[in-house]
Amino acid sequence: MRGVFQKMPLYWGLAILLFLLLFPFVNDSRSTLILLAQIFIFAIFAMSFDILLGYTGIVSFGHCMFFGIGAYSTALIFNKLDATLPNFLIGLVIGILLSALVSYIIGLLSLRLKSHFYAMLTLAVSQLFLVLAEKWRGLTQGGDGFTFSVPDVFKDRTSFYYITLFSVAAVFILLKLFTESSTGKVLKAISQNEYRAEALGYKTLHYKLIASVTAGVAASFSGALYAVSLRFINTNVFSIEVTLDALLMTMIGGLGTLAGAIAGAGIIEFLRHYLSELAMTYPIFERWTIILGFLYIVVLLGFPSGLAGVMKKFTLKKGRKEKKKREMERAA
């Protein structure tokens, strides 16, 4: 019975994946498929943020810069060149390489110090990218942004839905393997007690740099998909609100759980979509961001371990009840 409980997350994951694979055949609503695609994109972004905060204990206030780098790299390639899949791959690779380089340099400069130095430096650099994007109007057209064409495969809502679904599944598997590897276990040890990890002989700076680069690359990938989904880009991708969204998604889902980050992204994006629709009818919901802020406070005070933590406690409690029941049956 214990093995069944341990395998339950796997069963649930496979069931959800099967449902999502079949969903377009059941409901091909354009708005629903677009919403789900957005959820998948931000799920990747939330998982990348969770690698830093949840698994390594690194606080970043400028994670949006990697999201923005990926978005602008792809958008600018499409704006300057033809809208083809090879050009998309070129833009994607450029964004990933730039994000890896920036995250490595920032980490090298600040991760040997206390975590709040990293948080402040990432915030400063992300705002530098924001100012650069606003002022370099010849390239980015500033805050007005620009539209661009994308390959036909991205224009079809069902095709793009499956692209984002396979993307989030692939990123989840890769990050899951990463977190369960020996490197991931060291990162967990660093998040719990960095000084003890150093005392055991681990070069914590080396491992934190790996986490920083991994998170930056994943965030860049999500930014590229986001730009393609909108076919429009402006400086909002470098806004700190993007980082705060990732923080909220991660906290609601549960720190240190990739599945929790996906669930948090789904909750936040669904609420944003639903509340925005309500605002068209009821003006009170025009300030829907206040509701999200209130939700954040409720989660911090009432469910600090997030949705994943609540589910884990429930599963453990159920497992203990089953164990106690078996012991009573044996005693009888």
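A compact table of results
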quantity	calculated
Residue among 216, 142 that alone is touching a Lys or Arg at 6+ places or on another chain (Cβ under 8 Å) and under 23 Å from residue 243 (Cβ atoms)	142
Failed item, numbered, when residue 283 is tested on (1) under 30 Å from residue 111 (Cβ atoms); (2) surrounded by fewer than 20 Cβ atoms within 10 Å (Cβ to Cβ)	(1)
Failed condition for residue 218, given (1) surrounded by fewer than 19 Cβ atoms within 10 Å (Cβ to Cβ); (2) within 21 Å of the chain's Cα centre (by Cα)	(1)
Filtered residues of the stretch 1-27 (kept if at pLDDT 50 or above, surrounded by 13 or more Cβ atoms within 10 Å (Cβ to Cβ) and either of a type in the set (Gly, Ala, Ser) or over 24 Å from the mean Cα position of the chain (by Cα) (or both))	13
Residue tally, condition among the polar types (S, T, N, Q) and outside any loop (DSSP other than H, G, I, E, B), over the stretch 132-158	3
Yes/no for residue 118 being outside any helix (DSSP H, G or I) and in contact with a helix residue (DSSP H, G or I) (Cβ under 8 Å, 6 or more places away or on another chain)	no
Selection from the stretch 18-60 of residues that are touching a Lys or Arg at 6+ places or on another chain (Cβ under 8 Å) and among the aromatic types (Phe, Trp, Tyr)	55
Candidates 169, 197, filtered to the one that is under 27 Å from residue 32 (Cα atoms) and either touching a helix residue (DSSP H, G or I) at 6+ places or on another chain (Cβ under 9 Å) or surrounded by 18 or more Cβ atoms within 10 Å (Cβ to Cβ) (or both)	169
Residue list for the stretch 226-241, restricted to those being assigned to a helix (DSSP H, G or I) and buried (at least 24 other Cβ atoms within 10 Å of the Cβ)	226, 227, 228, 237, 238
Out of 70, 62, 138, sole residue that is closer than 24 Å to residue 231 by Cβ and within 18 Å of the chain's Cα centre (by Cα)	70
Selected residue [crowded, with 18+ Cβ neighbours inside 10 Å and either of a type in the set (Val, Ile, Thr) or modelled with pLDDT of 95 or more (or both)] from 147, 204	204
Qualifying residues in the stretch 29-48 (those that are touching a helix residue (DSSP H, G or I) at 6+ places or on another chain (Cβ under 7 Å) and more than 16 Å from residue 267 (Cα to Cα)) - the one surrounded by the most Cβ atoms within 10 Å (Cβ to Cβ)	48
Checklist (1) assigned to a helix (DSSP H, G or I); (2) closer than 24 Å to residue 58 by Cα applied to residue 165, failing item	(2)
Residue 246, sole failed condition from (1) part of a helix (DSSP H, G or I); (2) over 29 Å from residue 91 (Cβ atoms)	(2)
All positions within the stretch 106-123 that are within 15 Å of residue 240 (Cβ to Cβ) and either of a type in the set (Ser, Thr, Tyr) or exposed (fewer than 13 other Cβ atoms within 10 Å of the Cβ) (or both)	122
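Every residue, every condition in (1) touching a helix residue (DSSP H, G or I) at 6+ places or on another chain (Cβ under 9 Å); (2) not hydrophobic (A, V, I, L, M, F, W, C), yes or no:
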| residue | (1), (2) |
| --- | --- |
| 14 | no, no |
| 24 | yes, yes |
| 53 | yes, no |
| 64 | yes, no |
| 70 | yes, yes |
| 85 | yes, no |
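Here is a yes/no grid of residues against (1) surrounded by 24 or more Cβ atoms within 10 Å (Cβ to Cβ); (2) part of a helix (DSSP H, G or I):
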| position | (1), (2) |
| --- | --- |
| 50 | yes, yes |
| 59 | no, no |
| 66 | yes, yes |
| 69 | yes, yes |
| 87 | no, yes |
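The values are calculated or read from the model by the stated rules, or taken from the named source; none is laboratory data. Remember, predicted model here, so these are calculated numbers, not experimental data. When we count neighbours, we look across all protein chains shown, and the Cβ atoms used for this are built from the backbone with ideal geometry, even at glycine.
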